[in-house]
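Visitor: Supplied in structure tokens, the structure appears directly below.
The values are calculated or read from the model by the stated rules, or taken from the named source; none is laboratory data. As the structure is a computational prediction, the values presented were derived from the model and not from experiment. Note: ideal-geometry Cβ built from the backbone for every residue, glycine included; neighbour counts use all protein chains shown.
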Amino acid sequence: MLENLALSCQGCNNYKYNKTDGIDPITGLPAPLFHPRQQMWGEHFTWNDDYTLMIGLTSTGRATVDTLQVNRPGVVNLRRVLYTSGDHPPPFPSPTTT
């Protein structure tokens, strides 16, 4: 079912694999990873001033950033280029309810 798919880059998908939890690097405690269908991006994440680094605001956000390594150098460089061309940051829709 296409409505059950979420787009992700191969790198993030490889880091996620079958994980549903990660470790919050601040508390050291397990936390659920962000669920794009059930949670709102803006409640768990924000961008730094130049929109190159994704920052976790909650234990879920921090665990997701850390586990998926979303701020790897190649991704940060891509965000920098996309921001310069006006294609970043992307809009994030609200989760859908079924």
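Visitor: Could you check L7 against (1) surrounded by 14 or more Cβ atoms within 10 Å (Cβ to Cβ); (2) at pLDDT below 95; (3) not basic (K, R) and say which number it fails?
Guide: Status for L7: all satisfied but (1).
Visitor: Oh, and also: Aliphatic (A, V, I, L, M), free of Cβ contacts under 8 Å to residues at least 12 places away in the same chain and either over 17 Å from P90 (Cβ atoms) or surrounded by 14 or more Cβ atoms within 10 Å (Cβ to Cβ) (or both), is that true of L78?
Guide: Here the answer is yes, as L78 does meet what is asked.
Visitor: Looking at segment 19-61, which of the residues that are among the hydrophobic types (A, V, I, L, M, F, W, C) and touching a residue at least 40 places away in the same chain (Cβ under 8 Å) is nearest to V75 (Cα to Cα)? I'd like the intermediate steps shown before the answer.
Guide: Initial filter on segment 19-61 (among the hydrophobic types (A, V, I, L, M, F, W, C)): 23, 26, 29, 31, 33-34, 40-41, 45, 47, 53-55, 57.
Imposing the further condition that a residue be touching a residue at least 40 places away in the same chain (Cβ under 8 Å) reduces the set to 23, 40-41, 47.
Details: I23: 21, M40: 22, W41: 18, W47: 13 Å.
The selected residue is W47.
Visitor: Only one of these is surrounded by 11 or more Cβ atoms within 10 Å (Cβ to Cβ) and part of a helix (DSSP H, G or I): T46, T27, T67, T52. Name it. Even if it seems obvious, please write down each step before you answer.
Guide: Working: T46 fails: part of a helix (DSSP H, G or I); T27 fails: part of a helix (DSSP H, G or I); T52 fails: part of a helix (DSSP H, G or I).
Answer to the selection: T67.
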